Amino acid sequence: MSTRGATPIRSLAKDRKFPVKAALEYWISGVAKDGTHAVCQTGTGRTLAMSSRGVLFEADRKLRAGLEVTLSIAWPASLSESVGFKLQVSGVIERADRKFAALTMTRYEFRTRSLSAIAQENRAMAVTAGQGG
């Protein structure tokens, strides 16, 4: 794959971006003391925009460029009322500013996820909201 001399940051910046807003969880990978790969930190956030090569997202804390990260994005489409999708993306943070980060993808995969727990939470919130006065 040739980037024709462009850095990953420039490649990400030139791609057409789509304003996908979705909840996400992330895992930051690192090397443990014994030399194996390990999850060093986890957190939550939301996507702001996506392209074919990257994801711009807001995290629950400040992240830094160079981190290897896996995102699990709650995809807005679903198969049924009880089964939805999540997009799992692995990559490296190329740019970071405050709680915002731009990740260049190295791998992605769609997976299924249960919507029943989410539906139960939404129903509980609706009942609670209806009881408030």
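What follows is calculated from the coordinates using simple rules that are stated; it is not laboratory data. Here the structure is a predicted model, which means the values were calculated and not measured. Quick reminder, even Gly has a Cβ in these numbers, built from the backbone with ideal geometry, and neighbours come from all protein chains shown.
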Computed FRET value (nearest 0.05) for Arg64 with Gln88, which takes r as the C-beta separation and R₀ as 25 Å: 0.70
Rounded to the nearest 0.05, what FRET efficiency is calculated for Lys17 and Arg46 with R0 set to 22 Å and r the Cβ-Cβ distance? 0.90
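Between Arg53 and Lys33, what FRET efficiency follows from the Cβ-Cβ distance if R0 is 30 Å, with the result rounded to 0.05? Write out the running numbers ahead of the final one.
Details: r = 33 Å, r/R0 = 1.11.
After rounding, the FRET efficiency stands at 0.35.
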Per the Kirkwood treatment, what hydrodynamic radius in Å, one decimal, follows for region 16-59 from the mean inverse distance over all distinct Cα pairs? 11.9
Using the Karplus equation 6.51 cos²θ - 1.76 cosθ + 1.60 (θ = phi - 60°), what ³J(HN,Hα) coupling, rounded to whole Hz, does each residue of region 37-45 give in order, writing x for Gly and Pro? 6, 8, 7, 9, 7, 10, x, 10, x
Run down the aspartates and glutamates and flag those whose C-alpha is under 20 Å from the C-alpha of Lys17, throwing out any fewer than 8 positions away in its chain. Glu58, Glu94, Asp97, Glu109
Provide the gained length on full extension for the span Lys99 to Arg111, in nm with one decimal, where the gain is 0.36 nm per separating residue minus the Cα-Cα distance. 1.7 nm
